[in-house]
1. Conditions: (1) without any contact (Cβ under 8 Å) to a residue 60 or more places away in the chain; (2) on the phi < 0 side of the Ramachandran plot; (3) surrounded by fewer than 20 Cβ atoms within 10 Å (Cβ to Cβ). Residue 137 meets all but one. Number of the miss?
2. Under 18 Å from the mean Cα position of the chain (by Cα) and not assigned by TED's automatic domain parsing to the domain that holds residue 200, is that true of residue 288?
3. Taking residue 401, is it at pLDDT 90 or above, closer than 27 Å to residue 271 by Cα and out of contact with any Asp or Glu (no Cβ under 6 Å at 6 or more places or on another chain)?
4. Does region 142-164 hold any residues that are without any contact (Cβ under 8 Å) to a residue 24 or more places away in the chain and either in a loop (DSSP other than H, G, I, E, B) or within 22 Å of the chain's Cα centre (by Cα) (or both), and which are they?
5. Before we move on, is residue 296 touching a strand residue (DSSP E or B) at 6+ places or on another chain (Cβ under 6 Å) and assigned to a helix (DSSP H, G or I)?
6. Output the residue which, of all residues in region 249-283 that are at pLDDT 95 or above and of a type in the set (Ser, Thr, Tyr), is surrounded by the most Cβ atoms within 10 Å (Cβ to Cβ).
7. Within region 297-336, which residues are on the phi > 0 side of the Ramachandran plot and free of Cβ contacts under 8 Å to residues at least 24 places away in the same chain?
Amino acid sequence: MVGGGEHSVTLDAGTGSSRQPGRLPTLARMPRGGTLDVLLVATRRFEFHAFLARSLAAVGASVGAVAPPGSPLFRTGAVTTRFAVRGGRRVGGMERALADTHPTVVVPCDDGATAALHALDERSDDWRELLRRSIGARQYFPVARSRNSMVALARAEGIAVPATVTADTAAGALEAAGSVGWPAVLKCDGGWGGSGVRVVEDASDIQQVWPRLAGRPSLPVALRRSLRSGDLDALRERAAFHPAPLGVQAFVAGPLLTHAVCCQEGEVRAGASVEVLARLYPTGPATLVRPVARPDVQEAVSKLVRILEISGVVGFDFIVDPASDRALLLEMNPRATPISALSLPGGDVAAALASMCGVATAPRPALEGTIALFPGEVMRPGGDPGAADHHLVPWDEPDLVEAGLRMHVGRRGAGRIGSALRRSSGVTGR
């Protein structure tokens, strides 16, 4: 591992020029040709991205980030090399960041980042070896982008999955729901944190939900999303929209499991599962989890990782059939997930990734018992983070705490909730 100073630029991929950003601190530039262990790539502003960076730094890895302005990745000292890139210049900006830092591996932190890295692989051969060791063999990319394709592959390989049928129309979805049974779950590709997933009880639900999942977003909706995110991604996605089949899946009323792994050329280096005890909303992201040992999950994941020759950090979601206690595969997330940052009894994904980069890592204590994820469990209606065995609040970085709360409740709400949270946790100072 070759160290370097901190580096922060905003990229203009169209001209190749750089300028110091207004919002990010001015930092010393990393010398060209220096090696970075891990470059995190994000297209959205999720809190767990910063927590993954902190975990990687804690085990000795040097960490850089390519992310939109205002990302939580720019609020943590764990990230020493920073590139603020807006949506329209994303792929070019990533290419410039790679050229500047020469990372050992690149980790996509959301589905948009995965898509951008796939686009970079198609656009240039210069980064093919880096991307192969970071996200795996390119022949698996189409499967990684499609929930339906992943479920079909798993079924063909003898991995247990819920009954699933694809549908091109609302009428087709109604017929499919009749075959898999009511209630059913409609799923589109490209969702995150539970978006793109709806539980339907009857034909009227399908008629109501189908346009939202399968149709082109309306212009007012796209405008609102772009204003909220501060970029034009939603408008670009609307312009590039192509209809795609939805998956219609049997609803299974069992506990949800999520499993994170670090892989290298089709072999799992580390992995761990948690059971989801609470979610921000019914199909939303997990807010309260506990580690579990599931050999059937480990076996299924290892098989898929080997077949698809996956490298890097990915996640898998399963649902447990209460009748048989079998774990059924729901989907693969070809990117880091919130539990990728945790050291769990089953394994430490961040430490394994750092070790892949040649970093001599020290083992971190494994978290056991219930784990409240910040800020989700604070924001969940009825949430009680104080009742968990662990509440993962980064008190040593108050700006990061405030940024996480502000994304949900705005500046004033963040200050009020943050003060109450500090008092209840016995934390003094800001």
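The values are calculated or read from the model by the stated rules, or taken from the named source; none is laboratory data. No experiment lies behind these values; they were computed from the predicted model shown. Because the Cβ atoms are built from the backbone with ideal geometry, glycine has one as well, and the counts that use them run over all protein chains shown.
1. (1)
2. yes
3. no
4. Taking region 142-164 as the starting set, the residues that turn out to be without any contact (Cβ under 8 Å) to a residue 24 or more places away in the chain are 142, 149, 152, 155-156, 158.
Answer for region 142-164, where residues must be without any contact (Cβ under 8 Å) to a residue 24 or more places away in the chain and either in a loop (DSSP other than H, G, I, E, B) or within 22 Å of the chain's Cα centre (by Cα) (or both): 142, 149, 158.
5. Spelling it out, residue 296 is indeed touching a strand residue (DSSP E or B) at 6+ places or on another chain (Cβ under 6 Å) and assigned to a helix (DSSP H, G or I).
6. 273
7. The one that is on the phi > 0 side of the Ramachandran plot and free of Cβ contacts under 8 Å to residues at least 24 places away in the same chain: 325.
So that you can scan it fast, the table gives a plain yes or no per residue for (1) touching a residue at least 12 places away in the same chain (Cβ under 8 Å); (2) of a type in the set (D, E, K, R); (3) crowded, with 19+ Cβ neighbours inside 10 Å; (4) within 13 Å of residue 286 (Cβ to Cβ):
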site: 338; (1), (2), (3), (4): yes, no, yes, yes
site: 343; (1), (2), (3), (4): yes, no, yes, no
site: 353; (1), (2), (3), (4): yes, no, yes, no
site: 356; (1), (2), (3), (4): yes, no, yes, no
site: 360; (1), (2), (3), (4): yes, no, no, no
site: 367; (1), (2), (3), (4): yes, no, yes, no
site: 372; (1), (2), (3), (4): yes, no, yes, yes
